[in-house]
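The values are calculated or read from the model by the stated rules, or taken from the named source; none is laboratory data. The structure presented is a predicted model; accordingly, all values stated were derived computationally and were not measured. Backbone-built Cβ (ideal geometry, glycine too); neighbour counts: all protein chains shown. Protein only, heavy atoms only, side chains kept; ligands, DNA and RNA dropped before computing areas. Shrake-Rupley method; radii C 1.70, N 1.55, O 1.52, S 1.80 Å.
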Amino acid sequence: MAMEYESNNWIWDGVYYCPRLFGGLMLTAALLGLSTTYFGGIGLFPLSYVWSDSGIFHKKKCEKKRIRVYMDGCFDLMHYGHANALRQAKALGDELVVGVVSDEEIIANKGPPVLPMEERLALVSGLKWVDQVIANAPYAITEQFMNSLFNEHKIDYIIHGDDPCLLPDGSDAYALAKKAGRYKQIKRTEGVSSTDIVGRILCSVKDTEGGGDHTSTLLNGDSGERCHSQRAQISQFLPTSQRIVQFSNGKGPGPNARVVYIDGAFDLFHAGHVEILKKARQLGDFLLVGIHTDHIVREHRGMPYPVMHVHERSLSVLACRYVDEVIIGAPWEVTKDMITTFNISIVVHGTVAESNSLLPGETDPYAFPKSMGIFRLLESPKSLTTSSVSQRIVANHEAYVKRNVKKAQSEMKYYEEKTYVAGE
């Protein structure tokens with residue numbers, strides 16, 4: 001019976017994929033006097049050998065087109081909102097192509113980016129839903145670029161969020177895609193934005209007044225505590241189990257899998273995080289990442305860290321293609337129970353970290369895996385840290401303020417001179 005069922009698969013392929021063609025062939029067979037009792041398993045003429053091998057139906061079955069969708073963005077200060085947008089975009093097709101806007105286009109339309117093209121490319125390429133990346137994409141979808149997407153990259157639809165994207169002249173950046181009928185929209189992720197994150201950081205920054213090197217220092221003490229309270233109010237993220245499931249791979253390690261464990265804060269998820277996670281994943285079959293609690297991060301790094309709270313940080317890490325699972329609120333110390341419970345084969349840590357110093361009276365958090373001979377120090381591919389990203393944001397803001405002050409002074413001087421001339 002199994003052989004008979006498999007030999008008749010061509011019939012059902014024909015009925016499903018080519019009902020009209022199949023019907024015509026059956027009618028022709030009947031008119032020619034060929035037996036159609038073959039369907040019952042008895043036949044004078046084995047049509048399956050003629051038609052199933054001809055590829056008439058199989059060709060159409062194999063030619064099912066894969067839908068390719070395109071979404072672009074600056075992706076500066078990559079956060080879980082960006083990741084969720086790309087997750088939604090991927091759900092509208094089979095393959096997701098992402099355009100990363102060039103530094104020059106961002107400067108012209110929004111001001112200088114915090115992260116250069118190289119780092120933004122690493123972040124976008126590291127997302128689990130991204131299949132292809134186009135570097136130096138334009139900020140606006142021009143007719144020439146749109147034709148390139150449709151013809152060269154075989155894009156079926158251009159995707160964007162339901163928040164408006166306007167050019168400096170007030171026009172819609174996606175007007176041409178909408179006019180062409182090749183535009184689809186996704187829902188914006190509420191509770192986070194790059195502007196929001198910049199606001200959290202600037203809230204925690206105090207300009208050093210007078211003399212010195214005119215740098216900015218992070219607040220501490222009472223003022224830092226007040227700022228943390230403000231940042232807590234700014235963050236509107238409400239974690240749900242559904243969102244975590246949407247970001248999760250949903251698969252555990254196999255019975256003989258080599259489980260690699262790495263932990264950290266992973267605050268302001270950046271290209272340095274992506275690269276060290278990629279390197280860690282290469283050491284085994286399953287990468288488990290421990291995300292430290294807000295309290296642990298604050299205790300070891302001081303205020304105003306972490307900038308992103310533990311659930312925000314967890315989603316950013318889960319979105320990375322090299323990560324299989326996370327422990328939300330992982331303990332500072334890697335214990336024997338942890339290693340046994342999660343069947344950890346190797347524990348790794350990068351050479352670049354915000355702080356490798358221990359608190360007074362604190363023991364080495366990796367003492368037990370070291371005693372087992374399963375600890376390994378990984379050379380960090382990048383020297384990038386959360387603090388260095390924060391300092392870039394502060395520098396960009398200070399430059400922005402200076403430009404605006406200078407512009408305001410120039411305009412004031414112009415109007416004063418104009419008034420003086422008019423009064424003569």
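With Cβ to Cβ distances under 12 Å as the rule, what net charge do the other residues near residue 363 carry (K, R +1; D, E -1)? Result for the local shell: -2.
Residues in the range 150-161 carry Karplus couplings, in order, of 6, 8, 7, 9, 6, 7, 8, 9, 9, 10, 8, x Hz; the curve used is 6.51 cos²θ - 1.76 cosθ + 1.60 with θ = phi - 60°, and Gly or Pro positions show x. Amide H contacts of residue 94: 67, 68, 69, each under 5 Å away and 5 or more positions distant or on a separate chain (H built 1.01 Å from N in the peptide plane; Pro and chain starts excluded). Residues whose amide H lies under 5 Å from that of residue 378, counting only those 5 or more places away or on a different chain, are 349, 350, 351; hydrogens are built 1.01 Å from N in the peptide plane. Out of every Cα-Cα pair that the range 68-186 contains, those further apart than 26 angstrom amount to 11 percent. I want to check the label-to-label distance for residue 183 and residue 341. Put each point 7 Å from Cα in the C-beta direction and report it in nm to one decimal. Placing both labels 7 Å along Cα→Cβ, they lie 5.0 nm apart. Per residue, the range 91-153 exposes an accessible area of 42 Å² to a 1.4 Å probe, with every protein chain left in place.
What whole number of Å gives the distance from the Cα centroid of the range 277-291 to the Cα centroid of the range 323-347? Distance between centres, Cα-based: 11 Å.
Which pairs in the list 65/251; 187/251; 64/382 are over 32 Å apart, alpha-carbon to alpha-carbon?
Working: 65/251 28 Å; 187/251 27 Å; 64/382 42 Å.
Among 65/251; 187/251; 64/382, the Cα-Cα distance tops 32 Å for 64/382.
Max-minus-min Cα coordinates of the range 91-158 on each principal axis give 32, 30, 17 Å, with the largest extent listed first. A simple packing score, the average count of other Cβ atoms within 10 Å per residue, orders the peptides 248-261, 279-292 as 279-292, 248-261, with the highest score first. Label positions at residue 295 and residue 131, each projected 7 Å from the Cα along the C-beta direction, are separated by 4.6 nm. The length gained on full extension between residue 372 and residue 400, counted as 0.36 nm times the residue separation minus their Cα-Cα distance, comes to 4.8 nm.
Computed extension length for residue 64-residue 117: 15.5 nm, one decimal, from 0.36 nm per residue of separation with the Cα-Cα distance subtracted. Accessible surface calculations at 1.4 Å, restricted to protein heavy atoms, place the range 230-373 at 45 Å² per residue.
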